[in-house]
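Contents: one structure, followed by commentary.
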Amino acid sequence: MKTPVASPRYYIGLMSGTSLDGVDAALVAIAPDSQPKLMGTHAAPMPETLRSLLLTLCHAEHVSFAKLAEAEAAFCQLQANAVKALLAQQSMSPHQVSAVGSHGQTIEHAPHGHHGGPAYTLQLDNPSLLAELTDCTVVADFRRRDLAAGGQAAPLAPAFHQALFGRQAGEQLILNLGGFANITWLPSDSAKPVVGFDTGPANVLLDAWFAKHHPGRFDNNGNWAASGNVDTALLERLLQEPFFHQPSPRSTGRELFHLPWLENQLTGNEAPQDVQATLAELTAVSVAQGIQQLPLSRQRTTLITGGGGAHNTYLMKRLAYHFPNAALTSPSAYGWPEDWIEAGAFAWLAHQRLNHLPGNLPSVTGASGPRVLGGVYAR
């Protein structure tokens, strides 16, 4: 007599990263003892008015509560629209979804505190309103429990990387190139801990410098960067930033790497395209330096690259140059297109929360132990 196969449950993950280009919604099916499966996706572009407001809040020294409320309401509506569009696309009702996992929009991330104050991480979100607007149970506020347990609260995606890619034979190396770059090492020996950390900026500086000199939000295929030359003196100055020399666990965000940080390192004589080429080199070099810290067991390593930066042809060429022993591959070979791992991670984290399972990896974040992450807002 065959054992009945458990039906999968469906979760939607929402992610708006530091690039502030929109909200990604991923529908994920999760069944016991099975790899999570991506069922559908929807990308809701960020309106320019909301993007500008969020950027202002990210860099404001004094924040207006009224502006916070305005941004939160608009951001929540954008999230709700993404959920509704995805459900309509899949001909599903809200009650067929076990939960929506909402990351929220990071405004500031300070795991070491600020000027001697307590550690904090702030994601702008309104899960109560999101539950009302979507008629779905919402799981949110994933990061602060890890922070309360002494962790960095980031990166959280490596736990999902383990669930998604850990069934493959041999060690796996996963690189996310979003606003910031983070690396995950899944050792071939399951007794060894997973290692993961932020390596530094990826698209956040490339996009900001491009937008300063061109219409549009990003350097398509890295064509502008490819037209310039790397300024080695500038690169050396940028790499002197103490973050690049910190041991893991480590995480970072816009509070450190932003346009004024870059401009403070410029002499004023640099050609703009050379600065863009140097920023791509900064990302490639800092990723390569991070990989060199890992106890890789093979001469030739598969590097699975995701995030918006994976579409930057010039950046990928520079990464291949600095890590010649890597075989670069797309997560689409495993059923997950480059742009959808982060949103998928928060669908999986919602599943973990509803099933009272840990969502963090202490070996990655530095927390004192595994923790169940997030709060539940029932429909």
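The values are calculated or read from the model by the stated rules, or taken from the named source; none is laboratory data. These numbers were taken from a predicted model, which means no experiment stands behind them. FYI the Cβ positions are ideal-geometry reconstructions off the backbone, even for glycines, and counts take in every protein chain you see.
Does the range 292-307 include one or more residues that are at pLDDT below 95, touching a helix residue (DSSP H, G or I) at 6+ places or on another chain (Cβ under 6 Å), over 24 Å from L234 (Cα atoms) and assigned by TED's automatic domain parsing to the domain that holds V230?
Yes: the range 292-307 contains one or more residues that are at pLDDT below 95, touching a helix residue (DSSP H, G or I) at 6+ places or on another chain (Cβ under 6 Å), over 24 Å from L234 (Cα atoms) and assigned by TED's automatic domain parsing to the domain that holds V230.
Tell me which of these A233 doesn't satisfy, since it passes every other one: (1) in contact with a helix residue (DSSP H, G or I) (Cβ under 8 Å, 6 or more places away or on another chain); (2) among the hydrophobic types (A, V, I, L, M, F, W, C); (3) closer than 23 Å to H213 by Cα.
(1)
Yes or no: L319 assigned by TED's automatic domain parsing to the domain that holds L177, within 21 Å of the chain's Cα centre (by Cα), surrounded by 21 or more Cβ atoms within 10 Å (Cβ to Cβ) and at pLDDT 95 or above?
On the way: assigned by TED's automatic domain parsing to the domain that holds L177: yes; within 21 Å of the chain's Cα centre (by Cα): yes; surrounded by 21 or more Cβ atoms within 10 Å (Cβ to Cβ): yes; at pLDDT 95 or above: no.
No, not satisfied.
Within the range 188-197, does at least one residue satisfy the condition of being outside the structural domain of A310 (by TED's automatic domain parsing) and in a strand (DSSP E or B)? Steps first, answer last, please.
First, pick out the residues of the range 188-197 that are outside the structural domain of A310 (by TED's automatic domain parsing): none.
Scanning the range 188-197, I find no residue that is outside the structural domain of A310 (by TED's automatic domain parsing) and in a strand (DSSP E or B), so the answer is no.
Out of (1) among the polar types (S, T, N, Q); (2) part of a strand (DSSP E or B); (3) surrounded by fewer than 18 Cβ atoms within 10 Å (Cβ to Cβ), what's the single condition that is false for T305?
(3)
Which is touching a residue at least 24 places away in the same chain (Cβ under 8 Å) and within 30 Å of A327 (Cβ to Cβ), of L124, L130, L147, L175? Please lay out each step first, then the result.
On the way: L124 fails: within 30 Å of A327 (Cβ to Cβ); L130 fails: within 30 Å of A327 (Cβ to Cβ); L147 fails: within 30 Å of A327 (Cβ to Cβ).
Of the residues listed, the single one that is touching a residue at least 24 places away in the same chain (Cβ under 8 Å) and within 30 Å of A327 (Cβ to Cβ) is L175.
Taking interchain pairs and intrachain pairs at least six residues apart, which have beta carbon atoms under 9 angstrom, with the first residue in the range 44-62 and modelled with pLDDT under 90 and among the aliphatic types (A, V, I, L, M) and the second in a helix (DSSP H, G or I) and surrounded by 12 or more Cβ atoms within 10 Å (Cβ to Cβ)?
Close Cβ pairs (under 9 Å, with a partner that is in a helix (DSSP H, G or I) and surrounded by 12 or more Cβ atoms within 10 Å (Cβ to Cβ)) amount to L57/K67; L57/L68; L57/A71; A60/K67.
Residues are listed down the side, and each one gets a yes or a no for (1) assigned by TED's automatic domain parsing to the domain that holds A327; (2) under 23 Å from G22 (Cβ atoms); (3) touching a helix residue (DSSP H, G or I) at 6+ places or on another chain (Cβ under 8 Å); (4) acidic (D, E):
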| position | (1), (2), (3), (4) |
| --- | --- |
| F210 | yes, yes, yes, no |
| Q240 | yes, no, no, no |
| F244 | yes, no, yes, no |
| F257 | yes, yes, yes, no |
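Report the residue count in the range 54-79 for those that are under 13 Å from S16 (Cβ atoms) and of a type in the set (G, A, S).
Summing the residues that are under 13 Å from S16 (Cβ atoms) and of a type in the set (G, A, S) in the range 54-79 gives 2.
Take L266 and decide whether it is surrounded by fewer than 21 Cβ atoms within 10 Å (Cβ to Cβ), in a loop (DSSP other than H, G, I, E, B) and outside the structural domain of A82 (by TED's automatic domain parsing).
yes
Could you go through the range 200-214 and let me know if any residue there is closer than 25 Å to N264 by Cα, in a loop (DSSP other than H, G, I, E, B) and more than 12 Å from the chain's Cα centre (by Cα). Reasoning before the result, please.
We begin by selecting, within the range 200-214, every residue closer than 25 Å to N264 by Cα; these are 200-214.
Filter once more, so that each one left must be in a loop (DSSP other than H, G, I, E, B): 202, 214.
Then drop every residue that is not more than 12 Å from the chain's Cα centre (by Cα), which leaves 214.
Yes, the conditions are met somewhere in the range 200-214.
Considering only residues that are part of a loop (DSSP other than H, G, I, E, B) and more than 27 Å from A31 (Cβ to Cβ), look in the range 142-167 and name the one that is nearest to the chain's Cα centre (by Cα).
Only one residue tops the list, namely A154.
Being at pLDDT 95 or above and either in a loop (DSSP other than H, G, I, E, B) or polar (S, T, N, Q) (or both) is the filter here; which residues of the range 222-256 pass it?
Answer for the range 222-256, where residues must be at pLDDT 95 or above and either in a loop (DSSP other than H, G, I, E, B) or polar (S, T, N, Q) (or both): N223, S227, G228, N229, V230, D231, T232, L239, Q240, E241.
If I ask for residues that are outside any helix (DSSP H, G or I), out of contact with any Lys or Arg (no Cβ under 7 Å at 6 or more places or on another chain) and among the aliphatic types (A, V, I, L, M), which ones from the range 124-141 would you list?
Here is the first cut: in the range 124-141, the ones outside any helix (DSSP H, G or I) are 124-126, 135-141.
Filter once more, so that each one left must be out of contact with any Lys or Arg (no Cβ under 7 Å at 6 or more places or on another chain): 124-126, 138, 140-141.
If the condition is that a residue be outside any helix (DSSP H, G or I), out of contact with any Lys or Arg (no Cβ under 7 Å at 6 or more places or on another chain) and among the aliphatic types (A, V, I, L, M), then L124, V138, A140 are the ones that fit.
In the set A310, A326, A284, which member is crowded, with 18+ Cβ neighbours inside 10 Å and at pLDDT 95 or above? Working first, answer last.
On the way: A310 fails: at pLDDT 95 or above; A326 fails: at pLDDT 95 or above.
Answer to the selection: A284.
Is it the case, given these coordinates, that H115 is crowded, with 19+ Cβ neighbours inside 10 Å and either in a helix (DSSP H, G or I) or at pLDDT below 95 (or both)?
So H115 does not fit the description; no.
Take the range 269-293 and flag every residue that is out of contact with any Pro (no Cβ under 9 Å at 6 or more places or on another chain) and in a loop (DSSP other than H, G, I, E, B).
We begin by selecting, within the range 269-293, every residue out of contact with any Pro (no Cβ under 9 Å at 6 or more places or on another chain); these are 269-278, 280-281, 284-285, 287-292.
Listed by number, the residues that qualify are N269, E270, A271.
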